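Each value in this text was obtained by applying a stated rule to the coordinates, not by laboratory testing. Predicted model, so just to flag it, every value in this text is computed and none were measured. Backbone-built Cβ (ideal geometry, glycine too); neighbour counts: all protein chains shown.
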Amino acid sequence: MISRRRMISILGGVAALPLIGSTSFASVTNWRGIALGANANIILDHPHADMLIDKALAEVARLEKVFSLYQTDSQLSVLNRQGKLDNPAFELIDLLNLSGRIHRETNGAFDPTIQPLWALYAQKYSAGKAPNKREIEVARTNVGWADVSVSSNTVSFNKPGMALTFNGIAQGYIADKVAALLRQEGIQNVLVNTGEISALGMSPDGVPWPISLANDDRKLHLSNTSIATSAPGGTLFDQAGTVGHILDPRTGLPGGKWRNLSVIDKSAARADGLSTAFCLMDKAQIQSVPGAHELVFGEAV
């Protein structure tokens, strides 16, 4: 899954990174690779680390078969192509339900039905020009969370032309799932980074996992929690570097009240979805959203 952060232009590295330079234990395994189209790593200290990481990567591959926009046989691709999907995976229903809650909590700032608008912007800017007002308004008619019908047996759209993307939440969701799988294997201390981070237990140094925020001097220490960061300028549509990738579903226009913003939450999926929405909200609106999450505000636009 190529995330919308990577699809057009990458300005920097991932928004949050584990700091393990001080760790010198020979037994520590730090797997690095690509997952969901982004740089990823898994860090753990275990004699069977290679086997555990293989299981984790198999889980990533399984979930990509559900959520990928770019694998034509994924459940999401089938739904977007046909407008209906029978016998959806539990994970698809689970993430749709979570997305619905975040949509309500953020008064529509988070909306996975943004995909028709995002596809319009990507197509037009790839051809060297911006979409016009009429094109944006037409695409907006295919955006609306209320027109997604979800049951345990079927997911469908209530009108043609709709499509979903989970690029604003799937990285966090898969980090949660990989962390849960490793916990079921008896692992108490591991860091999973799939573009968003889930930190279980302690680092090999015996302290909470140290996390560095990109373009920020602050260092965080996390244990049994997750962090997600969004930055509208992390991916740009235009060559001039002025049109960021986070679109406001309520207006159809590029948004961004913050250059970057991080959310800490027990759930990496929830942190991911909230950080996406919060980029489009002012500080008072953000602070009115209920929940036990914590905020790390970056620079305002």
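One table, with the values for the structure above:
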| item | result |
| --- | --- |
| Choice from Gly233, Gly128, Gly161 with maximal GNM fluctuation in the chain (Cα, 10 Å cutoff) | Gly128 |
| Spacing of the two label points (7 Å from each Cα toward its C-beta) at Gln285 and Arg259, in nm | 2.1 nm |
| Kyte-Doolittle at least 0.5, axis length at least 20 Å by Cα - qualifying DSSP helices, the chain | 49-67 |
| Residue list for the stretch 268-297, given a label point 7 angstrom along the Cα-to-Cβ vector of Val150 and an amide N cut-off under 20 Å | 268-278, 289-293 |
| FRET efficiency, Asp73 to Ala300 (Cβ-Cβ, R0 41 Å, nearest 0.05) | 0.45 |
| The stretch 37-81 - Kirkwood radius from inverse mean 1/r over Cα pairs (Å) | 12.0 Å |
| Max mean-square fluctuation residue, GNM over the chain, Cα-Cα springs under 10 Å, options Ala49, Ala127, Ala228 | Ala127 |
| Label-point separation in nm, Val28 to His221, each point 7 Å along Cα→Cβ | 1.4 nm |
| Top of Ser99, Ser267, Ser126 by mean-square fluctuation, Gaussian network on the chain, Cα under 10 Å | Ser126 |
| Residue range of the chain that is longest and free of trypsin sites (Lys or Arg not before Pro) which are both DSSP loop and sparsely packed (at most 15 other C-beta within 10 Å) | 1-128 |
| Potential lengthening between Val207 and Ala119 on full extension [0.36 nm per residue; Cα-Cα distance subtracted] | 27.3 nm |
